[in-house]
């Protein structure tokens, strides 16, 4: 068995495989995998591996490796100096590294950012949820869930099955500092969300790649949109805010006024609009977008998108320019319809050439719409349709991911319409609904720290600073912060989606509308949020599944909702099931101190302790009777809250808040 030793780890070098961790998008697990999948797959082919075999991907600078037996390797991606035993060797072709010699890959010396290293036989990393890919934010996959370190030793999985070959110039991807990205329009474009002028600006602007970019997303610097609407309503006060729906890798996500291209470690669910999506064949380019490079979005028709599964001239990756006769002129809308009972409108939206987003009803929070989503999700799951990869529900939507090499977008759209026509009325929905009692450390010190970091490193003059809870009070016209405390602890939150900010993180809303505190989200977003912080954005509550960026207004912190280390022992978790919560669970809170929470979190991490869970069910018909019985009081409290938000919006306008909010992080 060949052993690879890390002599020098390089920069952010991780184990990846392709296509990564597939099938867990609906619970907030990203695919990970190589960010430049094209270079990575070609490197594997060069040494005779299957194109998806586990290898290394490094950023900006490569590693130095030694082997205990003679080993074939290939280095691909961004141009970098490669030596074996101090002798220069070429990229893009198999090279033999004698036992005991050092393969040394230096800093990136030309355009691009990432380096792929394939080893004949592939890296023998342990798989997790079906993949060896490293997801460093989640601390799993690859080698101990982290970047490589000096002295690490990894084994080679076996012998390569295929012949070795050189990667020709017509197959190698063209790297540059001025990038064209082929995009399809949708899911959220003009005229509903952006103005036609916004979309024209989008296609005619050279956006600059911001230094604060990584595998979760590539942040861009560019003009602020005009926006086609004043705000997002219950989803949040900024016009970029929407009721949470699934994202696609490669979508251009406007978090407030900041555009971010979502990467393979990005979130699966969120509440921001995405006007265009990079085609599957061009997503490899995201891995080579270096800080300071420019990006131009080129619209193409989805049906004309190059096949991502092919190499060489068919994919056109060796040509830096994207040749296009224009994009689809439908605003990203593939079609419209109505539910089988005729009560609810349906919109079928394009998300790249490999996803369709099915949206129900108007842009509002209505649990009857979530019931329709559930019915469609269940019906599609029961059919086991070839070519369908992921089904990810949002608040009022279902994203259907498919393999465009196996099934066309049009045939998937037809299938969705046919399946929908056979669904029962939403009012018949009765589903299992457990009540899960969780501890909440109110205004936890970790959330205070996150606010301070934001003020020092991103934006000091935001109206939600220095105390998010006071901002929530003001936004909802409450008399004191004690009222915010009372409402949060009195509420029972229904889980509508998972993975809102990764790893089983719930997006939930109070069953009683009188408990729905509505806020806007941070703009720009935070760069750091503590694991399991609890926040409110729009009318929704979220528990952050892990550390990372975020935009919800903090109320406190709780225990883990994801436990991949000891799910078989941690109370409330199930074996081989690292996420705690399920769709339609009900979350209720009980108060604990910050010190008590620290002890509880340690217990969960170690596989000890227990969580109080009570079985039950949710009936939409019963819930609608509750709403009808309490309609007058619900309406009065909602009117008071909306009046307070209108006043807050007027103060923002007078102070130029929406202009201020577009500032780039510093």
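FYI, it's all coordinate maths here, none of it is from the lab. As the structure is a computational prediction, the values presented were derived from the model and not from experiment.
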Quiz item: Based solely on its DSSP helices, what 222 nm [θ] is calculated for the chain when runs of n ≥ 4 H residues each add -39,500 (n - 2.57) and the sum is averaged over all residues, nearest 500 deg cm²/dmol?
Solution: -6000 deg cm²/dmol
Quiz prompt | Distance histogram for segment 435-627 (every C-alpha pair counted, 5 angstrom bins, percent rounded to whole numbers) | solution = 1, 8, 16, 21, 21, 16, 10, 5, 2, 0
Quiz item: Taking the Cα atoms only, what angle lies between the long axis of helix 367-383 and the longest principal axis of the chain, rounded to 10 degrees?
Solution: 40 degrees
Quiz item: So what's the gap between the Cα centers of segment 486-534 and segment 179-223, to the nearest angstrom?
Solution: 27 Å
Quiz prompt | Rounded tilt (10° steps) of 631-654 against the dominant C-alpha axis of the chain | solution = 60 degrees
Quiz item: Percentage of Cα-Cα pair distances in segment 48-204 greater than 20 Å, rounded to whole percent?
Solution: 59 percent
Quiz item: Which of the following values of volume of the Cα convex hull per residue in Å³ was calculated from the structure shown: (1) 145; (2) 215; (3) 161?
Solution: (1)
Quiz item: If one takes the longest principal axis of the Cα atoms in the chain, at what angle in degrees, from 0 to 90 and to the nearest 10, does the Cα axis of helix 594-605 lie?
Solution: 50 degrees
Quiz item: If you take every DSSP beta bridge whose two residues both sit in the chain, what share of them, in percent to the nearest 5, is antiparallel?
Solution: 90 percent
Practice problem: Answer rounded, prolate or oblate for segment 222-357, using the Cα gyration tensor with square roots of eigenvalues a ≥ b ≥ c: rounded when a/c is under 1.5, else prolate when a/b is larger than b/c, else oblate. | Solution: oblate
Quiz item: So what is the diffusion coefficient of segment 423-504 in µm² per second by Stokes-Einstein at 25 °C and 0.890 mPa s, using a Kirkwood Rh over Cα pairs?
Solution: 152 µm²/s
Quiz item: Using Cα pairs under 8 angstrom and six or more residues apart, how large is the relative contact order of the chain, in percent?
Solution: 13 percent
